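Here is the structure we will look at.
The values are calculated or read from the model by the stated rules, or taken from the named source; none is laboratory data. Since this is a predicted model, take the numbers as computed values, not measurements. Cβ coordinates were reconstructed from backbone atoms using ideal geometry, including for glycine residues, and neighbour counts include every protein chain displayed. Side chains included, ligands, DNA and RNA excluded: accessible areas come from the protein's heavy atoms. Shrake-Rupley method; radii C 1.70, N 1.55, O 1.52, S 1.80 Å.
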Amino acid sequence: MKYKLIIGNLCIPLLALAVVTQLYLLMPVSSNLLQFVELATANNIGFLTSLFGIFYAIGLIIWGSLSDRIGKDLTLIIGLLLLACVSFILPLLQNYYLLLFVRAIQGFCAAAFPPVALAWVSINLPDSYKSKAISMISCAFLLAATIGQWLGSLLISNSLYNAMWFLGCIYASGAIIFYFYRLKNQQNNHALPKVTLFSIFCKLPNILTNKKLLPIYLCASFVLLSFVSLYSVLHHSSLSAYVPTLRNIGMVAMLFSLTASYLFKVIKPSYVLALALCLMALSLFIHTFFINDQLNMLFILYLSHCVLIIGLAYAVPSMIVCVATQSEIKDRGIATSLYTCILFIGASLGAFLPTLINPLILIIVLSILLLICAIQLVINLRTNH
């Protein structure tokens, strides 16, 4: 049990940070990449991040399904080893199209970790430690957005060697840790060898429409969508000069996710989620007054942004706990994968929706949708009780 607690509370959060960092690693250094990547242009360099994201989303479902068949431990070992190998190979390539192809493979391999690690924690840790571990993992996922960009700007200048090999060593170390854990716990592999991948995929519609899980999935579809959309809008508004300060405030506010486990002891995770969504809806709506130049008091802007990120910091671990506790143990891998996929699809949409819809209208609509999600969550809870 002590070994499990070390893995769940220390190793998995650090690995989560290292894996999800890959999503944001190349975003701040596109101009640097143009200097040493052959055939790369200012118009196509962004696909190195976009294609990673697309295959990451695809991989979430596939790896989650595979983990239900071969077990969580073995899936994590295979996924981390493949991710390490691809990360070591990536810097050796100078041709843009080869780099794009391998980056897609890297995104697919990276998807093996987040949902399976969450399912591993929900299965292996006792209830008294489970919420704390999930809070730490959620915090790592959130911090990766900032730390990933910082790490990229620090380690990537004229090659990808430093960044990719540094992260590759972390992935390889994680695979070794889970390998030795598996040797000691062969009897507790949580595999369902008689279950085929086809039968697991057939479960997707039933899991997606499950009365307990559907409200959580609806919430997941708008949480990161709202967060990413807001930052996309802020970058192209009169508030762009304040974005670095807002990002620093957000980074501190994200640490509140570490206290979620203690809050869950007092309030049920579903109610924490509903409250977090209400905070996000209100603070997001306040941002519209600043975007439309109707307010210019910086203190209110900073305060509302802090409240928004605190809401986000509590919403993410709340949704994870809700999915983990309300899904059947045999379906937990695919249920968690589906949640992570929906969350990431929302983040992907948030990056370009402001270019298709009037930014002010988009933020107002997202505020309303978050509030509706909170209301339907409470109604669903009252109905079930």
Looking at region 271-301 only, could you name the residues that are open to solvent by 10 Å² or more (accessible area, probe 1.4 Å), outside any loop (DSSP other than H, G, I, E, B) and not hydrophobic (A, V, I, L, M, F, W, C)? Tyr271
Is there a residue being in a helix (DSSP H, G or I), open to solvent by 30 Å² or more (accessible area, probe 1.4 Å) and among the aliphatic types (A, V, I, L, M) anywhere in region 133-143? yes
Residue count for region 197-246, restricted to those that are modelled with pLDDT under 85, among the β-branched types (Val, Ile, Thr) and surrounded by fewer than 19 Cβ atoms within 10 Å (Cβ to Cβ): 2
Among what's in region 85-105 and is surrounded by fewer than 23 Cβ atoms within 10 Å (Cβ to Cβ) and polar (S, T, N, Q), pick the residue that is modelled with the lowest pLDDT. Gln94
Go through region 320-333 and count every residue that is surrounded by fewer than 24 Cβ atoms within 10 Å (Cβ to Cβ) and of a type in the set (A, V, I, L, M). 2
Quick one: Ile364 ticks every box in (1) under 29 Å from Val252 (Cα atoms); (2) open to solvent by less than 10 Å² (accessible area, probe 1.4 Å) bar one, so which box is it? (2)
Cβ pairs under 8 Å, 6+ apart or interchain, first in region 41-56 and free of Cβ contacts under 8 Å to residues at least 12 places away in the same chain, second open to solvent by 30 Å² or more (accessible area, probe 1.4 Å) and assigned to a helix (DSSP H, G or I), ordered by first then second residue, are Thr41/Leu34
Going by the structure shown, is Asn32 out of contact with any Leu (no Cβ under 8 Å at 6 or more places or on another chain), open to solvent by 10 Å² or more (accessible area, probe 1.4 Å) and touching a residue at least 40 places away in the same chain (Cβ under 8 Å)? yes
Options Leu33, Leu82, Leu60, Leu99: the member that is under 30 Å from Asp127 (Cα atoms) and part of a helix (DSSP H, G or I): Leu60
